[in-house]
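Below: the structure, in structure tokens.
Nothing in this text is a laboratory measurement; each read-out follows from the coordinates by a stated rule. None of the values given here were measured: they were computed from a predicted structure. Cβ coordinates were reconstructed from backbone atoms using ideal geometry, including for glycine residues, and neighbour counts include every protein chain displayed.
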Amino acid sequence: MQWIYDTLKTKTVGIAGCGGLGSNCAMALARVGIGRLIIADFDIISNDNLNRQYFFNNQIGKLKVYALKENLLRVNPELKVNALDIRLCSNDIIEIFNDCDVIVEAFDLAKMKQMIIETVLTFMPEKYIVSGIGLAGWGENNMLKTINMDRLIVCGDGEIEISETLPPLAPRVGIVANMQANQVLEILLGKMPYKRSE
Amino acid sequence: MKITLNHQLEEFDAEILTINELLKIKNFTFKMLVIKINGKIIRKHEYDTATVKDGDDVIVLHLITGG
């Protein structure tokens, strides 16, 4: 359906963090032909990132934002990518994501998640923020869900924290990242024209 | 008072509670939270002053590490 691609081409999505959630979410949005992505991260790719993040072995040691931009453009050369090597604080978020239609929260640390959610809800109340919370371990597909709280939408199981026994692994992290991308589409395109059978 | 807490109706003995009192009663011990009362975000420094009363719609979102 042409209108889907025509609509998405005009949209800009901000992605805060380019780890497991951010890199996979960005890739899904690049594939469906979003117009522009604003991606931000300060970190460098390490060997342990490759169990879940959308990078390649020969990119170890590179900055995540630049490597991700490269990978996104390999899939969709028409995509516009603003790659920002930055450790985001509240003021940066307000400035950098000001033009975005939707902001994706893809940080690792709980305190960073809190910071961006508080910042967006307080200072950018007209923006949608799609957050990924609870993605550690494996299995338990049916614990993963989406909760709508006005303009804050949370994807994930909401309770399982990363630990020694429950590391973040590609399948569950990828599912949550793609749930976030899927939610972004629902915000940008509206609900899809399908009536669920009871 | 009766409030809606995370989309569920709950009853408390008090007529009014601060956010910190509510968190203590509910035994919500997570450090990182996002709290909304009737859609309005309550920031951390307001947890001792912001209050919940009968009929309020309260969201307490736990933020956990992983991404």
Whole-angstrom Cα spans of segment B:2-62 along principal axes, big to small
25, 19, 19
Given 37 °C, 0.692 mPa s and a Kirkwood radius over Cα pairs, the Stokes-Einstein diffusion coefficient of the protein assembly as shown in µm²/s is 171
Once the mean of 1/r over all distinct C-alpha pairs in segment A:1-130 is inverted, the Kirkwood radius in Å reads 14.8
Least to most buried among A:197, A:131, A:163, A:90 (fewest other Cβ within 10 Å first):
A:197, A:163, A:90, A:131
Would you mind pulling out the separation of the Cα centroids of segment B:17-67 and segment A:109-169, in Å?
16
GNM, chain A, Cα, under 10 Å: largest mean-square fluctuation among A:59, A:183, A:114?
A:114
Assigned charges on the beta-carbon of Lys, Arg, Asp, Glu; the protein assembly as shown dipole about Cα centre (debye):
800
Return A:66, A:128, A:5 ranked ascending by Cβ neighbour count within 10 Å, so the fewest neighbours appear first.
A:5, A:66, A:128
Contact order relative to length of chain B, as percent, for alpha carbon pairs under 8 angstrom and 6 or more apart:
45
Chain A: most fluctuating residue of A:26, A:177, A:83 per GNM, C-alpha cutoff 10 Å
A:83
Too long for a 25 Å Cα-Cα cut-off, among A:69/A:113; A:11/A:69; A:191/B:26; A:145/B:36, are A:191/B:26
Simple label model, 7 Å out from Cα along Cβ direction - residue B:15 to residue B:43, nm
3.1
Chain A: relative contact order from alpha carbon pairs under 8 Å, six or more residues apart, as a whole percent, is 23
Please arrange A:108, A:99 by counting, for each residue, the other beta carbons lying within 10 Å of its beta carbon, fewest first.
A:99, A:108
Mind listing which chymotrypsin sites (Phe, Trp or Tyr not before Pro) in chain B are in a DSSP loop and have 16 or fewer other Cβ atoms within 10 Å?
B:28, B:30, B:47
Gyration tensor on Cα atoms of segment A:105-198, a ≥ b ≥ c root eigenvalues, a/c under 1.5 rounded, else prolate if a/b beats b/c, else oblate, says oblate
For residue A:165 and residue A:3 in the same chain, what is the full-extension length gain: residue separation times 0.36 nm, less their Cα-Cα distance, in nm?
53.8 nm
